[in-house]
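Shown next, in structure tokens, is the structure this report addresses.
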Amino acid sequence: MIYWIWLMQIPFIGPVTARYLIEELKDPKSIYQADAEYLAKMSGLNERQRKSILQNHSLENPKKIFEDCQNNNISVLCWNDRRYPARAKKPDDAPVVLYYKGYFKNMDQTVGIVGARRCSQESMQITLKRNASSATAELLFHF
């Protein structure tokens, strides 16, 4: 789990590039372990992305994020998990990590909130009301 979180914290590596890396190297730990020579052979990476992967090898922040999630009852769902919602995988820029609270029951009746960090009070109340009445899990998409 830590390597998945690490992958999403690397500057200049967004969801599209992360998915490319996972397809090529199979899992984030392999990406973490890849050396400069191997990364140089990957046509889907530019020089800035290669350098960013190699220079960002600290797992301290991903471990802290994971610990914070555990302390706040937030679950982490990775791209390769069979529970990852099929509809959420469809966009090319779908996140490879989802953070959520709750449990999975019927993924056809969920609410996903993407990027609304500073929403209005009214929007937040409407979302919370709809979420409480129809959704079984609150998905927090991480980009």
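The values are calculated or read from the model by the stated rules, or taken from the named source; none is laboratory data. What you see is a predicted model, and the numbers here were worked out from it, not measured in a lab. With ideal geometry, Cβ positions are generated from the backbone for all residues, glycine too; neighbour counts draw on all protein chains shown. These accessible areas exclude ligands, DNA and RNA; they are computed on the full protein's heavy atoms, side chains included. Shrake-Rupley method; radii C 1.70, N 1.55, O 1.52, S 1.80 Å.
One table, with the values for the structure above:
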| item | result |
| --- | --- |
| Sole exception among (1) modelled with pLDDT under 85; (2) under 15 Å from the mean Cα position of the chain (by Cα) for ARG117, by number | (2) |
| Yes/no for ALA40 being in contact with a helix residue (DSSP H, G or I) (Cβ under 7 Å, 6 or more places away or on another chain) and free of Cβ contacts under 8 Å to residues at least 60 places away in the same chain | yes |
| Test: residue in the stretch 29-37 that is touching a Leu at 6+ places or on another chain (Cβ under 6 Å) and in contact (Cβ under 8 Å) with a residue 24 or more places away in the chain | yes |
| Condition check for ASP92: closer than 30 Å to TYR103 by Cβ, open to solvent by 80 Å² or more (accessible area, probe 1.4 Å) and in contact with a helix residue (DSSP H, G or I) (Cβ under 8 Å, 6 or more places away or on another chain) | yes |
| Residue ranges of helices (runs of 4 or more DSSP H) in the stretch 1-84 with at least 2 members within 16 Å of the chain's Cα centre (by Cα) | 2-9, 15-25, 28-33, 60-71 |
| Unmet requirement for VAL76, which otherwise passes all of (1) modelled with pLDDT of 85 or more; (2) open to solvent by 60 Å² or more (accessible area, probe 1.4 Å); (3) closer than 23 Å to TRP6 by Cβ | (2) |
| Options SER30, SER58; residue that is under 17 Å from VAL97 (Cα atoms), surrounded by fewer than 19 Cβ atoms within 10 Å (Cβ to Cβ) and of a type in the set (Gly, Ala, Ser) | SER30 |
| Among the residues listed as TYR38, TYR84, the single one being hydroxyl-bearing (Ser, Thr, Tyr) and open to solvent by 70 Å² or more (accessible area, probe 1.4 Å) | TYR38 |
| Residue within the stretch 12-27 that is closer than 23 Å to GLY102 by Cβ and open to solvent by 40 Å² or more (accessible area, probe 1.4 Å) present | no |
